[in-house]
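Data first, discussion second: the structure below is written as structure tokens.
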């Protein structure tokens, strides 16, 4: 184990390929970033979203795995999903994030203060609307020193049609950052 110090203040401790930030890191410093992407081509077609349950429609295709360093730290979570296609009148999506420490074998935990981070995204009062989904949420780190996986969750506000995500292909992205406090 090696300490990295500046003016007798420990900035980080290195052990093998793992670096842990110390107390000398200024507040606001990004201590880690994890990114996952999921690509589809238009030939693959869209991901069907025919239910109204709050579910991880993209499953493990779009998830990040992270071990937060401190519950005193903050996080920023960004998610982008291209080309969702809404075929319903007076419909949209509710969006949020959930995390699991057991690879989603049991009921996952809501990642932010609310199940729904953004409600009625892409709401339309007419049929056949196509949009991109982009949401950002921040808060206090919920659990530290234990690996968790985070996925975006979606729920249709109306369940009468067979809507799709990524109908014309594209690149979905999920980014999590831990910020020193």
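The values are calculated or read from the model by the stated rules, or taken from the named source; none is laboratory data. Values in this document were obtained by computation on a predicted structure and should not be read as measured data. Cβ placement follows ideal geometry from the backbone for every residue including glycine, while neighbour counts extend to all protein chains displayed.
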Report, ordered by the first and then the second residue, all pairs with beta carbons closer than 6 Å, sequence separation of six or more or different chains, a first member in the stretch 32-45 that is closer than 28 Å to residue 76 by Cα, and a second member that is modelled with pLDDT of 85 or more and in a helix (DSSP H, G or I). 38/61
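I'd like the residue in the stretch 165-181 that is in a strand (DSSP E or B) and over 11 Å from the mean Cα position of the chain (by Cα) and, out of all such residues, is nearest to residue 62 (Cα to Cα). Explain how you work it out, then say what you get.
From the stretch 165-181, those in a strand (DSSP E or B) are 165, 170-179; that's our starting set.
Those still in the list that are over 11 Å from the mean Cα position of the chain (by Cα) too: 165, 170-171, 178-179.
Values: 165: 12, 170: 13, 171: 10, 178: 19, 179: 22 Å.
Only one residue tops the list, namely 171.
Could you check the stretch 28-133 for strands (runs of 3 or more DSSP E) lying wholly inside it with 1 or more residues that are surrounded by fewer than 16 Cβ atoms within 10 Å (Cβ to Cβ) and at pLDDT below 80? So that I can check it myself, show each step before the final result.
Working: elements: 30-40, 47-49, 64-66, 74-86, 91-100, 118-124.
Correct list: 47-49, 118-124.
Within the stretch 10-19, track down each residue that is modelled with pLDDT under 75 and surrounded by fewer than 14 Cβ atoms within 10 Å (Cβ to Cβ).
The initial filter retains those residues of the stretch 10-19 that are modelled with pLDDT under 75, namely 17-19.
Within the stretch 10-19, 17, 18 meet the criteria.
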Tally up the residues in the stretch 134-180 that are at pLDDT 90 or above and either in contact with a helix residue (DSSP H, G or I) (Cβ under 6 Å, 6 or more places away or on another chain) or farther than 17 Å from residue 81 by Cα (or both), please. 16
